[in-house]
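**Q** Attaching a single structure in structure tokens format; questions to follow.
The values are calculated or read from the model by the stated rules, or taken from the named source; none is laboratory data. Given the structure is predicted, the values throughout are model-derived calculations rather than measurements. Here the Cβ positions follow ideal geometry from the backbone for every residue, glycine too, while neighbour counts run over all protein chains shown.
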Amino acid sequence: MWGNDWITLLSAAALAFSVLNYVLLDGTDLGVGVLLGFTRCSKQRRAMAVTILPIWDANETWLVLGGGGLLALFPMAYAILLPALYLPFIVMFLALILRAAALEFRDYAPDQTVKRCIDGLLMCGSLLIGGSQGIVLGALVQGLPNSGAQYTGDGREWMGPFPLFCGAVLVVGYTWLGACWLYWRTEDELQQRSKRQAKSLAVVTIALLAVLVVWTVKLDVWYAQRLSDTFVWLPGAALFVSLTIGFILGCRSRRDYLPLFAALGIFVLAFAMMIAALFPLIVPPNLTLQAAASSTVSQIFMLIGFAVLIPVTLIYNTYGFKVFSGKVHPVRD
Amino acid sequence: MEGVESALLAARAQFAITISFHIVLAALTIGLANFLMVLEGLWLLRGRKIYLDVYRYWLKIFALTVAVGTASGLILEYQFGLNWSRLSTQAGDILGPLMFYEVLAAFFLEAGFLGIMLFGLKRVGPRVHFFATCAVAAGSLISAFWILSANSWMQTPAGFSIGADGRFIAQDWWAIIFNPSFPYRLVHMTLAAMLGTATLVAGASAWQLLKEPENPRARLQYSMALWTILVLAPAQIVVGHFHAEHSLVVQPQKVAAIEGSWTRPPEGAGEPMRLFALPDMDERRNHWELSIPRVGSLYLRYNLTGTIAALNEFAPQDIPPVPIVFFAFRFMVGLGLLMLGQGLVSWMLRRRQRLCSARWMMRGCVLMAPAGFLAMLSGWVVTEVGRQPFTVYGLLRTADSLSSISHRQVIASTWSILGFYLLIFGIGLWVLLRILRKPALEDEPGPQPTLADETGDS
């Protein structure tokens, strides 16, 4: 039995890794998408689009892996989560298509006005994607009624204040990542503005995260116990303080990638906290990782592939990032 | 009960809509990626710039379709949970890993090298760039491999046992992946993707040649596409024949529906080939049947007297909706024969040195532009509707695979998806047509020609 537990833990780690990678990588792209909609200068918008054009498709792929992984490793959780969050998921998928089309087709716009509209759609798409992802996570943490591997709720759990608040937090957080990314990858006026945006968004994000933690603790006794455990809150708080200091120092330093990495660190931390609060549940209030897992044969079959192929994937994705790294200097609108 | 019925229909419609749009884009990705690989290979091998110009031109089209194709595939990865959560619980142990490997082995290969393929030629040099092109092409094919394996397993399940709770448990991965119908389906679909792309490229090139008859790049792609059709159309017909022959063994209801055969002909009379009929599900017979006697026996049994299991030998609740399968099959075969003819005519024109001057042929090719993908879609209708009323053939009924959600939600979302898709893909198609209107230029710039200079430290 110990062997099976261990394998399920590995599967959960693989799934968490995929989802986290998605949040960090595509979250940044979505943040750029949001900021693009607020930018008036067309040359700057071009610069922003160029920073993500060669890589956003690969980043989005982590979400496909998350979906495939959830179905394969924890089919019960998949079968409960998706019907329960039907509407947010459908909105998210349509918005993903909208984002993809807007990003790829914007350079075929006949004139600047149309291009501005397309960028507006890109922003709407990015906002809807981030928002619905936040709602999904929030509804999950809040708990989804289920029995016998099927969802039994009324389809409205996600409309509560807590999931909606999570949606807002994630959108702001993604935008923050986007601003930090742009500070790293652009120059001159755009870079300066991104820095200012990154700083103010940092304050907002951190404030919202603080509210989120308090709210989560009040949500359920189980979460309160978990998060007040010394082994959870002490390292969490220590990391949080050092990452925040890292962000402040990063903004002053000449190493303009530091703010982004500090911000990503805070995202990782928040994600880890969420997992610490949920574990060993995968769908609160009752479904555990063990109960939701697929058979051990299936899990082993996939973990082998994961262990072999993910390192290779990471290597060539990093190479792809490197080819297009460095400051972007747009030569046209 | 009515709610369940309409939810079932809406959920099926939703899957059909999302997969139909996606599969055309996915097949175009497969076809174009391989076309581009050949073009770049020829460029490197022969060093003639015309190949690079044509490469860059189609790379622009590729850039626009591939990312939207990926995004439209995302919703499918989750469709199994949204509307078919019982299927996910029952068969997740087997279908999940196949889809997981699709992403792991293929999607990443495709997406990871896509940026370099689209925008990186200047930055990485021709060799690394060719490698990226090959990686994207290989990724698209491996993708097809895994997803067709998952689909085929649902058609011809193998290598599993059924657990105490009724779930399918994997026993033998080799048997699951290489399930009985998989080899046929893989070859048939890969050829369909290539053929669909070829008729599209031929159509676009013909359209350009009608306006600029002397353009050497339009001529090159016209000729390449027609060679592809000449070789692949007959090959596809042969493969399709063996696929159907195999279905006769594993899914006899489906073949009976394709043939529109309600009752077995008397001993010695042989199976007719029904050219046209109106199959009637209530009376369980055909109206207006027009058929040639014994020809069916010839291609089904290789003799003049053999028969196949007829529809009335199965329980009424176990047979698929016959008219859809019957007509979709004839539509597919008809288009297949037209493509065969297109290839043969192009060959005769080529032998008389008239390929680039016969304007009537160009007009024909423009009309045939969507033929490949239409045939592919109707082929999928045949195989998917023909599998009904099961999701996992013979084991799990479609009606028992559904999620427990309100039918209003499913119906509303299905209509929204349809409307949204028509709008977005309609605009996308319009932009594509505007680009395809003009042939490739000399020194064709390709997608985002300035991007390589706009990024990087150099």
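**Q** For B:Ile324, indicate whether it is touching a residue at least 12 places away in the same chain (Cβ under 8 Å) and touching a strand residue (DSSP E or B) at 6+ places or on another chain (Cβ under 7 Å).
**A** On the way: touching a residue at least 12 places away in the same chain (Cβ under 8 Å): yes; touching a strand residue (DSSP E or B) at 6+ places or on another chain (Cβ under 7 Å): no.
Spelling it out, it is not the case that B:Ile324 is touching a residue at least 12 places away in the same chain (Cβ under 8 Å) and touching a strand residue (DSSP E or B) at 6+ places or on another chain (Cβ under 7 Å).
**Q** Those residues that are more than 7 Å from chain B (Cβ to nearest Cβ), out of contact with any Phe, Trp or Tyr (no Cβ under 6 Å at 6 or more places or on another chain) and more than 22 Å from A:Arg193 (Cβ to Cβ), I need them from the stretch A:36-65; list them, please.
**A** Step one: list which residues in the stretch A:36-65 are more than 7 Å from chain B (Cβ to nearest Cβ), which gives A:36-49, A:51-52, A:56, A:59, A:62.
After this cut, where a residue has to be out of contact with any Phe, Trp or Tyr (no Cβ under 6 Å at 6 or more places or on another chain) as well, the list is A:36-49, A:51-52, A:56, A:59.
Residue satisfying the conditions is A:Asn59 alone.
**Q** Right, B:Tyr101: facing chain A (nearest Cβ under 8 Å) and either touching a strand residue (DSSP E or B) at 6+ places or on another chain (Cβ under 6 Å) or among the hydroxyl-bearing types (Ser, Thr, Tyr) (or both) or not?
**A** So B:Tyr101 fits the description; yes.
**Q** Looking only at residues that are surrounded by 13 or more Cβ atoms within 10 Å (Cβ to Cβ) and part of a loop (DSSP other than H, G, I, E, B) in the stretch B:264-279, which one is farthest from the chain's Cα centre (by Cα)?
**A** Residue satisfying both the conditions and the ranking: B:Ala269.
**Q** Looking only at the stretch B:326-344, which residues are crowded, with 19+ Cβ neighbours inside 10 Å, of a type in the set (A, V, I, L, M) and either over 15 Å from B:Gly240 (Cβ atoms) or in contact with a Cys (Cβ under 6 Å, 6 or more places away or on another chain) (or both)? So that I can check it myself, show each step before the final result.
**A** So in the stretch B:326-344, the residues crowded, with 19+ Cβ neighbours inside 10 Å come out as B:326, B:328-329, B:332, B:335-336, B:339, B:342-343.
Next cut, of a type in the set (A, V, I, L, M) only: B:328, B:332, B:335, B:339.
Listed by number, the list is empty, since nothing qualifies.
**Q** Considering only the stretch A:99-110, how many residues are within 7 Å of chain B (Cβ to nearest Cβ) and either modelled with pLDDT of 90 or more or surrounded by 24 or more Cβ atoms within 10 Å (Cβ to Cβ) (or both)?
**A** Residues flagged as within 7 Å of chain B (Cβ to nearest Cβ) and either modelled with pLDDT of 90 or more or surrounded by 24 or more Cβ atoms within 10 Å (Cβ to Cβ) (or both) within the stretch A:99-110 amount to 3.
**Q** Anything in the stretch B:420-458 that is touching a helix residue (DSSP H, G or I) at 6+ places or on another chain (Cβ under 8 Å) and within 20 Å of A:His329 (Cα to Cα)? List them, or say none.
**A** Once the filter is applied, which keeps residues that are touching a helix residue (DSSP H, G or I) at 6+ places or on another chain (Cβ under 8 Å) and within 20 Å of A:His329 (Cα to Cα), the stretch B:420-458 yields B:Pro445, B:Gly446, B:Pro447, B:Gln448, B:Leu451, B:Ala452, B:Asp453, B:Glu454, B:Thr455, B:Gly456.
**Q** In the set B:Leu44, B:Leu141, which member is more than 13 Å from chain A (Cβ to nearest Cβ), touching a residue at least 60 places away in the same chain (Cβ under 8 Å), within 19 Å of the chain's Cα centre (by Cα) and surrounded by fewer than 20 Cβ atoms within 10 Å (Cβ to Cβ)? Lay out the reasoning, then the answer.
**A** Numbers: B:Leu44 fails: within 19 Å of the chain's Cα centre (by Cα).
Result: B:Leu141 is the single residue among B:Leu44, B:Leu141 that is more than 13 Å from chain A (Cβ to nearest Cβ), touching a residue at least 60 places away in the same chain (Cβ under 8 Å), within 19 Å of the chain's Cα centre (by Cα) and surrounded by fewer than 20 Cβ atoms within 10 Å (Cβ to Cβ).
**Q** A further question follows. Output the residues belonging to the stretch A:128-167 that are at positive phi and within 11 Å of chain B (Cβ to nearest Cβ).
**A** Initial filter on the stretch A:128-167 (at positive phi): A:143, A:148-149, A:155.
Matches in the stretch A:128-167: A:Gly148, A:Ala149, A:Gly155.
**Q** B:Gly112 - would you say it is under 24 Å from B:Tyr78 (Cα atoms), out of contact with any Pro (no Cβ under 8 Å at 6 or more places or on another chain) and within 11 Å of chain A (Cβ to nearest Cβ)? Let's see the steps before the verdict.
**A** On the way: under 24 Å from B:Tyr78 (Cα atoms): yes; out of contact with any Pro (no Cβ under 8 Å at 6 or more places or on another chain): yes; within 11 Å of chain A (Cβ to nearest Cβ): yes.
So B:Gly112 passes the test.
**Q** What about B:Leu451, is it within 12 Å of chain A (Cβ to nearest Cβ), of a type in the set (A, V, I, L, M, F, W, C), closer than 30 Å to A:Phe321 by Cβ and surrounded by 20 or more Cβ atoms within 10 Å (Cβ to Cβ)?
**A** Criteria met by B:Leu451.
**Q** Now for a separate question. Within the stretch B:403-419, restricting attention to residues that are at pLDDT 85 or above and crowded, with 18+ Cβ neighbours inside 10 Å, which residue is farthest from the other protein chains (Cβ to nearest Cβ)?
**A** Among them, the one singled out is B:Ile411.
**Q** Right, another one. Listed residues B:Ala175, B:Ala206, B:Ala225; which is of a type in the set (A, V, I, L, M), in contact with a Cys (Cβ under 9 Å, 6 or more places away or on another chain), without any contact (Cβ under 8 Å) to a residue 40 or more places away in the chain and in a helix (DSSP H, G or I)?
**A** Residue meeting the stated conditions: B:Ala225.
**Q** Out of the residues in the stretch B:116-134 that are surrounded by 23 or more Cβ atoms within 10 Å (Cβ to Cβ) and facing another protein chain (nearest Cβ under 8 Å), which is nearest to B:Leu8 (Cα to Cα)?
**A** Once the filter is applied, the top-ranked residue is B:Leu118.
**Q** Scan A:Val211, A:Val203 and give me the residue that is without any contact (Cβ under 8 Å) to a residue 12 or more places away in the chain and part of a helix (DSSP H, G or I). Explain how you work it out, then say what you get.
**A** Details: A:Val211 fails: without any contact (Cβ under 8 Å) to a residue 12 or more places away in the chain.
Going through A:Val211, A:Val203 in turn, just one is without any contact (Cβ under 8 Å) to a residue 12 or more places away in the chain and part of a helix (DSSP H, G or I): A:Val203.
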